[in-house]
Structures are given as structure tokens and as C-alpha cells.
1. Please determine whether any residue of the range A:239-250 is open to solvent by less than 30 Å² (accessible area, probe 1.4 Å) and either within 17 Å of A:Ala18 (Cα to Cα) or at pLDDT 90 or above (or both).
2. Out of all the residues in the range B:289-296, is one or more more than 30 Å from B:Leu208 (Cβ to Cβ), open to solvent by less than 70 Å² (accessible area, probe 1.4 Å), touching a helix residue (DSSP H, G or I) at 6+ places or on another chain (Cβ under 6 Å) and without any contact (Cβ under 8 Å) to a residue 60 or more places away in the chain?
3. Report the residue count in the range B:351-363 for those that are touching a residue at least 60 places away in the same chain (Cβ under 8 Å) and either closer than 30 Å to B:Phe325 by Cβ or of a type in the set (Gly, Ala, Ser) (or both).
4. Give the residue, chosen from B:Ala285, B:Ala319, that is small (Gly, Ala, Ser), in the same structural domain as B:Thr333 (by TED's automatic domain parsing) and at pLDDT below 90.
5. From the list A:Pro167, A:Pro129, which one is under 15 Å from the mean Cα position of the chain (by Cα), within 29 Å of A:Val214 (Cβ to Cβ) and either at pLDDT below 95 or not charged (D, E, K, R) (or both)?
6. In the range B:116-131, how many residues are crowded, with 23+ Cβ neighbours inside 10 Å and not hydroxyl-bearing (Ser, Thr, Tyr)?
7. Return yes when B:Tyr112 is surrounded by fewer than 20 Cβ atoms within 10 Å (Cβ to Cβ) and in the same structural domain as B:Val67 (by TED's automatic domain parsing) and no when it is not.
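The values are calculated or read from the model by the stated rules, or taken from the named source; none is laboratory data. Since the structure is predicted, the reported quantities are computational estimates derived from the model, not experimental observations. Neighbour counts are summed over all protein chains in view; Cβ atoms, including those assigned to glycine, are modelled from backbone coordinates with ideal geometry. Ligands, DNA and RNA are stripped out before the accessible areas are found, and what is left, the full protein with its side chains, is counted by its heavy atoms. Shrake-Rupley method; radii C 1.70, N 1.55, O 1.52, S 1.80 Å.
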Amino acid sequence: MSATAVYWLIGVAVIAYAVTAGADFGGGLWDLLATGPRRERQRELIAEAIAPIWEVNHIWMIFVVVMLFSVFPHAFAVVSIALHVPILLVLVGIVLRGSAFIFRAYGMEPDERRAQWGRVFAITSAATPIALGAILAALSSGDILVELDAAGAPQVRSGFFVGWTSPFALAVGLFTLALFTMLAATYLAREAQVRGELELSIDFRRRAVISEAVAGALAMLVCWRAWAESPELFHNLLAQPWSLPAQALTAAVAVAAIVCLRRDMLQVARALVIVQVALVVVGWGVAMDGDLVLGALDHQDAGAREAVLARLPYVLAGGSVLFVPALWWLFRVFKSETASSATS
Amino acid sequence: MTDLFAARSQMAISLAFHILFAVAGMAMPALMTLAEWRYLRTGEPAALELAKRWAKGTAILFAVGAVSGTVLSFELGLLWPEFMRHAGPLVGMPFSLEGFAFFLEAIFLGLYLYGWKLLPPKVHLATGVGVAICGTTSAVFVTAVNAWMNEPAGFVYVLGPDGVGQFTEIRPWEAMFNNAFFSQALHMVLAAYSAVAIAALGIHAWALRRSPDSAMHRTGLRLALLLAIVSVPAQLVSGHHSAQHIAEYQPTKLAAAESLFHTQTRAPLALGGLPNEETMELEYAVELPGVLSFMAFNDFDAEVKGLEEVDRELWPPVAVVHVAFQIMVGAGTAMLLIAMAGGGLWLLHWRGLGPPPWERRYFLIPAALATPLGLIAIEAGWVVTEVGRQPWVIQGYMKTADAVTPMPGLATPMIAFSLLYLFLGVVVFMLLRRHVLVTTDAAPEPDVAPEGGEA
């Protein structure tokens, strides 16, 4: 297995995390923004949809971290130092959100306390993706500087607040949140439809279309800030051979998703929003041009060891033989058409 | 407070917090599966009620364990980037495997918790067994990493011209199956089962003192006692094996644990006492001559290496390691007495001599008092292995001080995480009290139905 293959594998895991755990985060924002006559039912559906799977979805993040430090240890060290602060913020968000969700589900008396945990869950769900997006933005900002030390190891030379405190990082953070909420609303619309709760489904359809529009506007904002603040990234977004086709395809898929949402073709819409988010990640990955920290650390110089690369395929194959069927079973039991109605 | 001290404290607090949830994630599924199995075999409603209570406890503990484990995986880099830069490729193998085991554990737990109505009973039971197996497997992989830090293997260490060492020619499998792997993984797994069994035994004993006729708490105590009778004595054997291993391969750690300053034959086993590093003497201890030699090498006259064998700046904090070791062994011994007493009373009851342990007041009181002992022993044992390795993070190759991040102001996140974890710990304690302990035989709660249904 080559270092480049692992680079793309990490990309695949990021996509898996975004379209599963990302939607769980997005669900939290819809909990926060629950309105109208079906407000409580909206919250219940979100909780029911997330409960059996959120812990599994969350583990994609661990997978990314483990791949990073086993295969690209220099990158892990550099990122851990340069982005210490935002990573801590994400961790606080993850801890509070997961705990609050389970505390609410296995709630305590009185109901007021339960509702408080619900708010903690909702607020941290909405805030964490912004920090996650800011971290990714920092990696592609070109602001993080790295120098080789005497032993040839890359060491961070820029400050601890570089890259993730810029307007560009904030724009990417908001864009990430918009994508996650768009995924969540689309999944929830479909889930409500399967359960035969058509009004609830319409609530979430409307929310999905709004988030698509917001995500589109924020995508423009991200491009503008990239142009102003991160010339290398902006250049790559346009100039890499596959960049423009990927951007154009993303836009086309987004439009198709809106059409399907409006026409109530929710199963297709669900597939389209997944493809859309995957394409956004792919487009970003192409623009990163093989770097783990743009302009500072290429994946070929990130400390990959031949011995690790040689053994990794066996570990991945062995693990997947058990993991893939189990994951398929989990989603079949809880997310298939017949199961959804039985859990409610 | 120095940044190094803050980083070490934050790591210690994160581990100390996570390990409680991690061991629950390993051993609670075994208990909940045992209870469900008993229900399927006997049809006792109390066993089903117990399985659901324990499953709720597992759900809460697993969730907090999963998120606090995420924190740790990042903290390895946030606090110790130089350690991970060198060790990452060497410990990546067990961490990757742990990732898969954890994936599977979460999948099976999701199926178990929310699948009461969706899966046939035997399949449902099997998913519980899956949680237990995967939880234990993932702990074994994580322990492999710590074992590697204690007895690093699978590389050639080359000093560069500038005095900077590099780990070259790495062999990941050899690193994973390092010399300390077996004894440490076995000790950790049995610790988890023993601690959770004793804790569950104590909780149900406490509840039985208040409501002696509760069928659910009786079944709970019976199953917890069963697990304790198997795992606690096994842990004694594993502890002995660990001691012998450490005596040979990590002699400084054993010397610190026993406060043995001078290399000697017929080395005594010290009970209690406080070491004085200045005078190199152990004060106020009861010493059993030759017993340490026997424990370490099966020979009362064997020579045991003392701390004087290594330079003083390579000593761990002797008093901390010594006291922690005493606490671990003391708590373990008390747990053994409880498990043996319970087992003995049970045996007598089978022979028709007197009531079973769950009806004996004089068993229930000490059993209830013993509730936290296993968890205390685990924390203390973790201090022995971690503090006992200091000043090294990779024994003999990298000092903890050389691994720490250049990030300043580390006291702030340390205090923030301490407060966060303290708060979460209190909430979890209150939730568990409500869900596991409340006796509802007289007036069943409305929420005894499968929680997947109305979650």
C-alpha cells in the first residue's frame, strides 16, 4: 500500500464521517431550531434517528486520527501543535454533546433537567462543526509554517492561533455546519416519510431546501475568502486538472437535490446530498494537492514507514471482513423501510 | 505549575476518568448478557428487568467512555506530539485493530440496546455477547500500546550525529506482541471483570439491605457474585504472574512499588510504610522477610534489585508508586475475601446449611462497603504502571519531558477538563443511582418497557 493510497483512504473516512456523524451533528441544530406545531415531534424524530447509530458514526473520526498517527506521524505532531486550541474546543464539544445526548435519553427527573440537557446537546451539536470546519480550513490556509529540525523532522514555526481564527476559517466552519444540517434535514424528511408522518416530512423537506440554499451562498463566501486570504488554495481550487469538473459536478448535484426535495423524491434526494457532500470533500482533497498541511507538509514527507504501509492492508482487510457486514446489518435493522416504523 | 506538570496531570486525569468507563464497557455487557441469558432460560421476569437495568447502565457508561476515549486519542498528540511522532508507526497497529474492535462493539451495542423488539431473542442475546467480546478485545489492543511503552520492542534505535535518536527498521507486529503484552493485557482484563463484578455485587447488596425481598436485586447479586468468584481469584494469579514479570523486566518499577532501595537477597515484602528517598529507608512498614524474593522469583533467598541499581535522576517518585501499590494489593485482597466469603456461603447454602449469601445481613454489609474497591484498585494499579515508569515515556528511550508539546499555558485546559470530568462524573453517578438502584418490584416504573421503543 502506498502513502498516496492512505492519503485517499483518509479522505474516504472523512467523507464517511461527514455523511454519517455530520448528519448527527446537523440533527442537533434542528433540535435547537425546532419550531411550529410539531416542534416536540421533530425533536423526538431526531433523537430516535440518531440514538442507535451515533456512536458508530463517531468512530470514523477515531479512524482518521489513528491512520494519521500510524502512517503520517509528522503530520499528526504538526497538526496537534499548530491546532491545539481548536482541537481542544472540538473535544469539549464532542464530550458535552455525547454526554448530553445520553443523559437526555436516559433522562432524570424532573423533565426540566431533561430539557436542559437537550439544549446542551443542541448547542454543542451546532458549535462543534464550526470548529471542525475551522480546523480543515487551517490545514488548507497556507498560514501554518513548518521547518525541518536538525533530525529532519518538520516542526511548527507559526503561532498557536494561526489559520483557524481568520474570516476564511469562520466561513468554512459555517459552510460545514450548513452541509451537515442539509444532510440531517434530508435524512429526517425521508425517515418521517417512511414512518408515514407526512407533515413532519414536509417540515424537514422545507428545512433541507433552505439549508441547500444557505450552503450554496456560504460556498460562494468560502471561495471569496479563499481568494482574498489563501491564494494557494484558491489557485488549486481552479487550477488542478480535476478541480473545475468536481466543482461543476457538485453544483449540478446540489441543484438536482433541490429539485428532488421539492418533488418529494426523498430517496433520490438522500442519495444526491450524500454524493454532494462527498464531492465537496473530493474537491477540497484535490485542491490540497497531496499536502496534509497546504504548502507546508506533503504526504510523502509526513513520516510514512515502509513497514507500516506493508502491513496496513492486512489489518484493513481483516477488520473490514467483520466490520462491513456488521455495519450493513446495523443500518438494515434500524434504517430499512420496515424497521423504521417498528422502532417508533 | 510547569507546563510539563500540567500536561502530565491532564493526561492522568483523562486516563483516570476514561478507565472507569472503559472497564464498565468491557464487563457490564457480560453481566447484562448473563442476566438476559438467565431470563431466556428460566423466564424469570426479574432477570429481564435486571438485564434492562444493566443495559441502561451500560449505555450511559459506554457513551461517556466513547467520548472520553476520543479525547485521549487526540491528547496523545496534543500533549505528547514528540512521543507520537516516534511511537505512532510502532503503536499504530494495535490502535488500528482497536479501532475495528471498537467499531464492532458500538454496532453490537446499538443493536442490543435498540433491538429488543426488532431481533429474535437468541440473536439479541448474541449481539450482547458480541458487545462483551469486542469490548474486551479492544481493551487488550489498547493495553498492548501501554505494554510497549513499558517494554519497547520491534525497532532498532539509532543515535544520529546530533545526538537525536531515531526508531528505525520498525517491525509493527513485534512491537505489538512485546514482552509485557501478555501479562499486562491479562491483568487489565481480569481487573475490569473483577472490579465491575464487585461493584455490581456491592450495589445490589446495598439495595437488598433496604428491600430484602427484591427478586431483581437478588438475581443481580447472584450473577455478580458468580462473576466475582471466577475473576477475582484469577486476578490474584495474574497479579503474581505480573509481579514475576516486572521483577525480571522492569526491576525499577518493582523496587519503587516495594520501596526496596538496596539490592538484597531474602528481600522482604513491605506492608504499608512511607519511603524516605533521602535516607533511602522505608519507615513505619511491617516487613515479611524473604516474601518479596519468593513472590518475584519463587525462592525466599533470591536476589531482588533495589533502586540503587539506577541513577537517582532515573527514579520514579518512589512514595507515589509505593502507596499506590499498597492500595492496589490491599483492595485486591479485600475483594478476594468478599468473593470467597460469598462463594463459601453459597456453597454452604447448597449443602443445606443456612440461608444463601443474599439473605445474610452480615454478608450484605461488607459487600456493600466493598463497592468501590475494584475501581480504586484499578486507578492505583494504573498509577503503579504509569508513575512507576517515570521519568520515561518510552522506557529507556524517551523521557516524558522530551515528549511534551511546546504549547504554553497548559494549566488552563488541564483545569477545564478536570472540572468538566468532575461535573460529568457527578451526573453519571446520579443517573446510575436512578436507573440501576431504584427498587421497583412493589410498584413497577412505567419505563420498564424496552427502552429502544420509546427512546
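1. The answer is yes, given that some residue of the range A:239-250 is open to solvent by less than 30 Å² (accessible area, probe 1.4 Å) and either within 17 Å of A:Ala18 (Cα to Cα) or at pLDDT 90 or above (or both).
2. Checking the range B:289-296: at least one residue is more than 30 Å from B:Leu208 (Cβ to Cβ), open to solvent by less than 70 Å² (accessible area, probe 1.4 Å), touching a helix residue (DSSP H, G or I) at 6+ places or on another chain (Cβ under 6 Å) and without any contact (Cβ under 8 Å) to a residue 60 or more places away in the chain.
3. The number of residues fulfilling the criteria is 1.
4. None of the other options fit; the residue is B:Ala285.
5. Just a single option satisfies the conditions, and that option is A:Pro129.
6. Residues flagged as crowded, with 23+ Cβ neighbours inside 10 Å and not hydroxyl-bearing (Ser, Thr, Tyr) within the range B:116-131 amount to 2.
7. The answer is no for B:Tyr112.
The rows are residues; the columns are (1) touching a strand residue (DSSP E or B) at 6+ places or on another chain (Cβ under 6 Å); (2) over 21 Å from B:Gly99 (Cα atoms); (3) open to solvent by 10 Å² or more (accessible area, probe 1.4 Å); (4) not hydroxyl-bearing (Ser, Thr, Tyr).
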{"residue": "A:Tyr17", "(1), (2), (3), (4)": "no, no, yes, no"}
{"residue": "A:Leu33", "(1), (2), (3), (4)": "no, yes, yes, yes"}
{"residue": "A:Arg39", "(1), (2), (3), (4)": "no, yes, yes, yes"}
{"residue": "A:Ala47", "(1), (2), (3), (4)": "no, yes, yes, yes"}
{"residue": "A:Asn57", "(1), (2), (3), (4)": "no, no, no, yes"}
{"residue": "A:Val66", "(1), (2), (3), (4)": "no, no, no, yes"}
{"residue": "A:Phe69", "(1), (2), (3), (4)": "no, no, no, yes"}
